[in-house]
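The values are calculated or read from the model by the stated rules, or taken from the named source; none is laboratory data. Here the structure is a predicted model, which means the values were calculated and not measured. Reconstructed Cβ throughout: ideal geometry from the backbone, glycine too, with neighbour counts over all protein chains shown.
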Amino acid sequence: MTRIARPALGQYMPGDSPLHRLDPRTKILFITVYLPLVMLADSAADLALLAAVALGSALLSRISPGVLYGTLKPLVFLIALTALFHLVFTREGEAVWRWGPLALHDEGIKQAFWTAVRFLLMVLTASLLPLTTTPLALTDGLERLLSPLKRLGVPVHALAMMMSITLRFIPAIWEEAEKITLAQKARGGALDRGGLLFRIKNAASILIPLFISTIRRAEELALAMESRCWRGGKERTRLRELRFTELDAALSGLLAGLLVAVWLL
């Protein structure tokens, strides 16, 4: 059986879902407001509402659960470590378990759970932006949103270009890291065996060649842009003009409703 390759982290997934058809400016504004709402939500009702929005967005994107899990998998360890930190070091509330100097308190358990939920919602929702929007559309949308700053002398086009290049580099760097890992394992590297300190030490065999490869890619890109006389967006035209549609109006209404609901609940 042929194995289907898992998409790289941050890679755009072509499709014709409602999320794919949204204007990139609407999606950027939604993420900009949604992420702080997740952090500021202080009740179970708020987080349940925000979770319903995140899951609904995932369903509307028509992206397979395997791909969504692939975006969460690299950060599961970090999320678990953050939750463990709250679980162990929070001393508020009643102690529900003790073992020598270690003790778990009910407030620590609550904070650990809600912290993990917050991070999962943030990562899931934020990952839908690059999955359903091409890097070029994201660049155009961000440049349009920041265009008022041009009057203050801010290099808006350069900032948008930097973001676009970063988004394009993420899948490439991810794939390069996987190739280096497979190459090291083929040479007998014990990258997935031994204790934690042993694995951290062996990680240098991946990070050093990955760093060198990234610098090489950046130099090649800079030379390519210079050879093509890149002038920072002057007199630049766009093949596809951005336009708001009824879907964008509906998402804007949903965003306004979220603000009101989180504020009142």
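Which residue, of Leu49, Leu55, Leu40, Leu60, is surrounded by fewer than 20 Cβ atoms within 10 Å (Cβ to Cβ) and modelled with pLDDT of 90 or more? Before the answer, list the steps.
Numbers: Leu49 fails: modelled with pLDDT of 90 or more; Leu40 fails: modelled with pLDDT of 90 or more; Leu60 fails: modelled with pLDDT of 90 or more.
Residue meeting the stated conditions: Leu55.
Would you call Leu19 in a helix (DSSP H, G or I), over 22 Å from Ala261 (Cα atoms) and in contact (Cβ under 8 Å) with a residue 12 or more places away in the chain? Steps first, answer last, please.
Values: in a helix (DSSP H, G or I): yes; over 22 Å from Ala261 (Cα atoms): yes; in contact (Cβ under 8 Å) with a residue 12 or more places away in the chain: yes.
Yes, satisfied.
Is one or more of the residues making up segment 202-216 farther than 22 Å from Arg21 by Cα, assigned to a helix (DSSP H, G or I), modelled with pLDDT of 70 or more and in contact with a Phe, Trp or Tyr (Cβ under 8 Å, 6 or more places away or on another chain)? The answer is yes; a qualifying residue exists.
Within segment 144-160, if we keep just the residues that are free of Cβ contacts under 8 Å to residues at least 40 places away in the same chain and among the charged types (D, E, K, R), the residue that is nearest to Ile28 (Cα to Cα) turns out to be Lys150. Annotation note: of Thr125, Thr133, Thr139, the sole residue that is among the polar types (S, T, N, Q), within 21 Å of Ser61 (Cβ to Cβ) and modelled with pLDDT under 85 is Thr139. Filtered by the rule that a residue be without any contact (Cβ under 8 Å) to a residue 12 or more places away in the chain, under 17 Å from Pro74 (Cα atoms) and of a type in the set (A, V, I, L, M, F, W, C), segment 161-181 gives no residues.
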